[in-house]
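The values are calculated or read from the model by the stated rules, or taken from the named source; none is laboratory data. It should be emphasised that the depicted structure is a prediction, and the values quoted were computed from it without experimental measurement. Glycine also receives a Cβ, built like all others from the backbone with ideal geometry; neighbour counts cover every protein chain displayed.
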Amino acid sequence: MSEAFVELGTRASSEKSQASGSTYLHKPKLLTLGGDHSIALPALRALKQAYGKPVAVVHFDAHLDTWHPAKYPSAWIDPEDESTQSFFNHGSMFWLAATEGLIANGSSVHAGLRTRLSGDDATDHADDSQQGWIRIATDDIDEIGVKGVIQSIMDRVGTETPVYLSIDIDVIDPGMAPATGTPEPGGWTTRELIRILRGIETMNVIGADIVEVSPAYDSAAETTGLAAAQVAYEIITSIVKKGLIEQEKTGEKIGGVRDEL
């Protein structure tokens, strides 16, 4: 996966694209559908290489996914051996990304959280805090509303920092998106998530994933698949909209945008 993403990250539509001064128009955008959330790690590796610096992550999930793997109660993990393959899993990939210098420390956000690894004190979030994330809990939406969630994300990330959107479908309540391996009751509605994504569309999104969709668990109406497809649509159209704005600023032809996006 890392090799494939890096190869994609080196592509340009033409020599003109490579020579262009518009980074947004002529740098790659990677959108991945999953599948296991661990695919975020190879995508971040490729994007750092393509853009030459760490990127911010806006992570929608019921779970942190920044936990040190040794904290998992597991018979097959050796806490003294950080080279073990078992350290790489769908709850530790952002911890690994941080140790590899892929994530912009101090610019990243978790949103929709409603679980812990263990305990209920600050030590449970220690690794996460050291990596410079802020955390927006699911329940926060009851206090600050959708607009407040949007504002919190935008205040943290801004419109210039390259951003990777990572969306675990379990951020949505399992009553609306049941087809996921780790469902957590009490999530956001599909409508709330879509509204938040539209509210942050001015961010400099350079990559995204929609993950943890498990079709075997879906209803006959395929509500989870439909939600994931709509989320992908929202992200793609936001990237295109951003590209058209950049095209207007630089005066480049729209065809260049179409080639890249």
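General observations
- Residues (within 19 Å of TRP188 (Cα to Cα), among the aliphatic types (A, V, I, L, M) and crowded, with 19+ Cβ neighbours inside 10 Å) located in segment 219-255: ALA227, ALA228, VAL231, ILE235
- Qualifying residues in segment 167-181 (those that are surrounded by 24 or more Cβ atoms within 10 Å (Cβ to Cβ) and among the charged types (D, E, K, R)) - the one farthest from GLY207 (Cα to Cα): ASP170
- Spans of helices (runs of 4 or more DSSP H) in segment 1-112 with at least 1 residues within 27 Å of VAL240 (Cβ to Cβ) and at pLDDT 90 or above: 2-9, 40-51
- Residue among ILE194, ILE210 that alone is not hydroxyl-bearing (Ser, Thr, Tyr) and not in a helix (DSSP H, G or I): ILE210
- ALA216 being surrounded by fewer than 17 Cβ atoms within 10 Å (Cβ to Cβ) and in contact (Cβ under 8 Å) with a residue 24 or more places away in the chain: yes
- Consider segment 136-151 and keep the residues that are among the β-branched types (Val, Ile, Thr) and without any contact (Cβ under 8 Å) to a residue 40 or more places away in the chain. The one that is surrounded by the most Cβ atoms within 10 Å (Cβ to Cβ) is ILE136.
- Residue that is farthest from VAL55 (Cα to Cα), among those in segment 198-236 that are polar (S, T, N, Q) and out of contact with any strand residue (DSSP E or B) (no Cβ under 9 Å at 6 or more places or on another chain): SER219
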